Amino acid sequence: MSASYVAVGWNRQKKIYDWLIAGFCFTYLLLFISVTLIVNEQVTFETLLIRSTSTLAVLLLHVILAIGPLCRLDKKFLPLLYNRRHLGVTMFTFALAHGGFSIFQFHALGNTNPFVSLFISNTNFNSFAAFPFQALGFFALLIFFLMAITSHDFWLHNLSPRVWKTLHMFVYLAYLLVVMHVMLGVIQYENNPVFVIIILAGAVTLITLHLLAGSKERKLDKRKFSLEQEGFMYVCPAEEIEDSRAKIFCIDKERIAVYRHENKLYAIHNVCKHQGGPLGEGKILDGCITCPWHGYQYLPHNGQSPPPFKEKVSTYDVKIIDGKVWLNPVPFPEGTERPGATIK
Amino acid sequence: MDNKEFYIGWMPAAPGGLAKHIRKVVVILIMLVITAGIILALQQKKFSTATFEFGQLTEITGIYQQFPVPSIKAMSNLDASGHSSSLTIPLVGYGKSGAEGIIAELEKEKNTTLDKKTVTFRGTLLYSDGKTLLQIDKNDDPLTKISDAVVNVPPAIKELGTVRLTGEILDPKCYFGVMKPGQGKPHRDCAIRCIAGGMSPVFYVRNEKGEANYYLILDAAGKKMNEQLKDIIAEPVSLRARAVQYDDWIVLYIDGMNKITRTGGLSWFKTKDGDTYCGVSHTINVSE
Ligand code: HEM
Ligand code: FES
């Protein structure tokens with residue numbers, strides 16, 4: 001689906017998603033600013049701006065990082081995933097406002113270029129308590145920047161999904177940098193334990209969600225297939241696979257999706273060419289296997305995206321003997337047509 | 001979610017069961033946003049009442065003095081008993097620069113020296129906690145009057161002995177007016193930039209009663225030591241110094257950097273300002 005970024009417009013769901021993001025951000029900023037002005041009226045405009053945008057960005061970052069594991073745990077969260085990049089770009093925008101304004105506030109109008117000042121002012125790299133926390137924020141912002149400008153599918157295709165995915169894994173490093181930016185920064189001044197508790201609660205939630213999602217998948221991956229015949233492994237009884245749906249099996253570290261379509265079974269590689277979505281958790285729509293993440297489609301019998309799209313995934317051989325499904329884990333080259341197996 | 005329900009973003013609407021679930025998620029998120037906004041806003045430390053009269057120019061007349069820091073000594077009117085008191089107003093430059101640069105420029109421009117002359121400066125006031133400073137900026141045409149003759153009103157000087165204090169070195173412009181918070185770790189880079197820019201460093205100490213005391217810092221020879229201080233600004237330090245009172249400011253003469261030590265430590269779980277940033281300070285007189 002090379003051209004999908006042209007094909008997909010701004011449909012109703014995207015609009016709802018974006019309006020919700022805008023509504024959340026507006027509510028947050030309004031509350032933070034007005035409550036601060038009421039209870040702490042000596043605040044300066046600059047500090048309001050710096051703090052409201054930074055805390056909003058961190059809140060968004062937590063939501064963004066929670067969506068992935070939530071979707072892996074329960075498919076019902078998938079609608080949140082589809083436009084996650086909008087959340088990401090929004091988060092970056094607020095982080096940029098915070099970082100940019102901080103650089104101006106704390107470094108401009110001095111005897112040095114503000115960007116140089118950011119790195120040469122506090123140079124206590126060998127002290128934990130005195131560590132230059134602003135540099136940590138800068139590198140986090142740099143990562144968010146790279147992610148935001150490459151968020152469009154155009155870059156996904158030009159960088160290749162593997163490089164793109166690797167780049168986007170740096171979000172975890174950025175998250176760690178942000179946590180330390182806050183713990184070694186403003187929390188060293190705000191001696192109120194509530195902030196430490198909030199940061200820790202956020203981290204514990206995210207770590208728990210990731211561990212739960214991981215362990216769910218590990219269970220799937222750990223299943224042993226011991227019955228083997230001429231290269232085929234016994235995987236499950238045929239009736240376990242619902243129509244238009246699939247089951248995923250992990251053999252030799254490769255995940256394979258076995259789909260049922262019009263009384264036949266077909267097997268394809270489970271990994272979507274777009275961003276690696278789990279094809280076996282998708283569904284057949286209009287005769288095409290449809291990825292649950294962003295809706296890329298593949299034909300069940302040859303693993304190819306319908307024209308004009310050009311994505312291809314590997315296919316596998318399946319057979320049914322006495323109502324039992326046997327799967328050959330040796331892949332055929334991507335896009336190879338296979339006959340499938342008829343269910344009696 | 002049953003087998004028939006399947007979500008794809010490019011469809012115009014999500015299937016009913018999913019939509020219901022997402023509505024629940026949205027409600028949870030709204031509550032999260034509201035709680036986070038309120039809690040974070042409420043829990044911030046109180047900001048000081050420091051004021052920077054941004055955009056408002058004031059004329060101050062007094063005796064300009066180069067020592068201990070560039071400042072104006074302004075005299076009050078005589079009170080009922082015939083006494084007058086003085087207020088020493090340190091000068092700061094525009095942005096993150098001290099006053100020395102602009103004073104030198106003004107002296108060159110007028111082809112005279114300012115020290116110990118009666119002057120009128122136009123600038124922006126900043127004040128907090130009984131201390132007042134004046135920002136003078138080239139663009140405000142700051143020097144409106146200058147006397148020809150030197151006036152001789154020496155400061156009231158009092159030796160206070162050697163003191164040991166725990167506190168924080170800060171830049172006075174941000175602390176006494178421009179920024180909030182204008183001290184501590186979040187403000188550290190800025191304080192370093194300001195002090196590197198020639199702002200006279202101020203030592204901030206909290207006493208047992210929670211009241212703040214402020215001191216000026218010079219080296220043993222009475223010279224500025226801004227450059228040397230760079231690495232220990234805006235963090236808790238202990239120092240030993242000779243203290244001398246000049247009118248309403250006390251100057252700490254610090255005989256070398258080995259007289260200043262970091263008291264350090266992280267403040268993740270401390271709840272009292274006293275413990276966190278400045279510790280308990282004591283002014284003890286010790287004979288050298
Ligand atoms: C160039 C990049 C950055 C710079 C120069 C910077 C600078 C600062 C400074 C000076 C503070 C203390 C402000 C205060 O006095 O309250 C601060 C706090 C904070 N920063 Fe950053 N930051 C940067 C990037 C980021 C990024 C990317 C994030 C996360 C998305 C972030 C999140 C926060 C948070 C949550 C706080 C605590 C709340 C606050 O004080 O604003 N910062 N940052
Ligand atoms: S991962 Fe995006 S459509 Fe499959």
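Can you pull out the residues in segment A:284-329 that are in contact with a Pro (Cβ under 8 Å, 6 or more places away or on another chain), away from ligand 2 (no atom under 16 Å from the Cβ) and part of a strand (DSSP E or B)?
Once the filter is applied, which keeps residues that are in contact with a Pro (Cβ under 8 Å, 6 or more places away or on another chain), away from ligand 2 (no atom under 16 Å from the Cβ) and part of a strand (DSSP E or B), segment A:284-329 yields A:Thr315, A:Tyr316, A:Lys324, A:Val325.
Applying the selection to segment B:194-209, what residues are open to solvent by 10 Å² or more (accessible area, probe 1.4 Å) and within 14 Å of another protein chain (Cβ to nearest Cβ)?
The answer is B:Ala196, B:Gly197, B:Gly198, B:Arg206.
Against the condition open to solvent by 40 Å² or more (accessible area, probe 1.4 Å), closer than 23 Å to A:Phe170 by Cα and more than 13 Å from ligand 1 (Cβ to nearest atom), how does A:Leu20 come out, does it pass?
Taking the combined requirement at face value, the residue does not satisfy it.
How many residues does segment B:106-135 hold that are open to solvent by less than 30 Å² (accessible area, probe 1.4 Å) and over 30 Å from B:Ile260 (Cβ atoms)?
9
For segment A:49-91, give me the residue count where each residue is more than 8 Å from ligand 1 (Cβ to nearest atom), more than 13 Å from chain B (Cβ to nearest Cβ) and without any contact (Cβ under 8 Å) to a residue 60 or more places away in the chain.
0
Can you run down the residue pairs with Cβ atoms below 7 Å, 6 or more apart or on separate chains, where the first is in segment A:262-276 and closer than 16 Å to A:Cys236 by Cβ and the partner is open to solvent by 10 Å² or more (accessible area, probe 1.4 Å) and within 13 Å of ligand 2 (Cβ to nearest atom)?
So the pair list comes out as A:Asn270/A:Pro278.
Name the single residue that is farthest from the other protein chains (Cβ to nearest Cβ) among those in segment A:267-283 being assigned to a strand (DSSP E or B) and open to solvent by less than 30 Å² (accessible area, probe 1.4 Å).
So, considering only residues that are assigned to a strand (DSSP E or B) and open to solvent by less than 30 Å² (accessible area, probe 1.4 Å), the one farthest from the other protein chains (Cβ to nearest Cβ) is A:Ala267.
Restricting attention to segment B:128-164, report how many residues are part of a strand (DSSP E or B) and touching a Leu at 6+ places or on another chain (Cβ under 6 Å).
Of the residues in segment B:128-164, 3 are part of a strand (DSSP E or B) and touching a Leu at 6+ places or on another chain (Cβ under 6 Å).
Please enumerate the residues belonging to segment B:236-278 that are at pLDDT below 75, part of a loop (DSSP other than H, G, I, E, B) and under 25 Å from B:Ala220 (Cα atoms).
B:Gly264
For segment B:20-95, which fully contained strands (runs of 3 or more DSSP E) count at least 1 residues that are surrounded by 15 or more Cβ atoms within 10 Å (Cβ to Cβ) and in contact with a helix residue (DSSP H, G or I) (Cβ under 9 Å, 6 or more places away or on another chain)?
Ranges flagged: B:58-65, B:86-92.
Considering A:Asn122, A:Asn126, which residue is outside any helix (DSSP H, G or I), buried (at least 21 other Cβ atoms within 10 Å of the Cβ) and not small (Gly, Ala, Ser)?
The conditions single out A:Asn122.
Among the residues of segment A:262-283, write down those that are in contact with a Ser or Thr (Cβ under 6 Å, 6 or more places away or on another chain) and more than 10 Å from ligand 2 (Cβ to nearest atom).
Result: A:Lys264, A:Ile268, A:His269, A:Lys283.
Which residue, of A:Lys224, A:Lys216, is surrounded by fewer than 20 Cβ atoms within 10 Å (Cβ to Cβ), touching a Leu at 6+ places or on another chain (Cβ under 7 Å) and not aliphatic (A, V, I, L, M)?
After ruling out the rest, the residue left standing is A:Lys216.
What is the residue count in segment A:97-113 for residues that are open to solvent by 30 Å² or more (accessible area, probe 1.4 Å) and either more than 9 Å from chain B (Cβ to nearest Cβ) or touching a residue at least 24 places away in the same chain (Cβ under 8 Å) (or both)?
Selection size over segment A:97-113: 6.
Could you check segment A:326-343 and list, in sequence order, the residues that are surrounded by fewer than 18 Cβ atoms within 10 Å (Cβ to Cβ) and either closer than 17 Å to A:Met233 by Cβ or aromatic (Phe, Trp, Tyr) (or both)?
A:Val330
Before we move on, is A:Tyr28 among the hydroxyl-bearing types (Ser, Thr, Tyr), within 16 Å of ligand 2 (Cβ to nearest atom), at the interface with chain B (Cβ under 8 Å from one of its Cβ atoms) and at negative phi?
no
Name every residue in segment A:115-143 that is at the interface with chain B (Cβ under 9 Å from one of its Cβ atoms) and within 11 Å of ligand 1 (Cβ to nearest atom), in order of residue number.
Scanning segment A:115-143 gives A:Ser117, A:Leu118, A:Ser121, A:Asn122, A:Pro132, A:Phe133, A:Gln134.
Which count do you get for residues in segment B:1-54 that are of a type outside the set (A, V, I, L, M, F, W, C) and at the interface with chain A (Cβ under 7 Å from one of its Cβ atoms)?
Residues that pass the stated criteria total 12.
Show the residue pairs meeting these rules: Cβ distance below 6 Å; 6+ apart or different chains; first residue within segment A:26-39 and closer than 8 Å to B:Gly37 by Cβ and polar (S, T, N, Q); second residue at pLDDT 95 or above and open to solvent by less than 40 Å² (accessible area, probe 1.4 Å).
Between residues of segment A:26-39 that are closer than 8 Å to B:Gly37 by Cβ and polar (S, T, N, Q) and residues that are at pLDDT 95 or above and open to solvent by less than 40 Å² (accessible area, probe 1.4 Å), the close pairs are A:Thr27/B:Val33.
The values are calculated or read from the model by the stated rules, or taken from the named source; none is laboratory data. Since the structure is predicted, the reported quantities are computational estimates derived from the model, not experimental observations. Counting neighbours? That spans all protein chains shown, and the Cβs are built from the backbone with ideal geometry, glycine included. Side chains included, ligands, DNA and RNA excluded: accessible areas come from the protein's heavy atoms. Shrake-Rupley method; radii C 1.70, N 1.55, O 1.52, S 1.80 Å.
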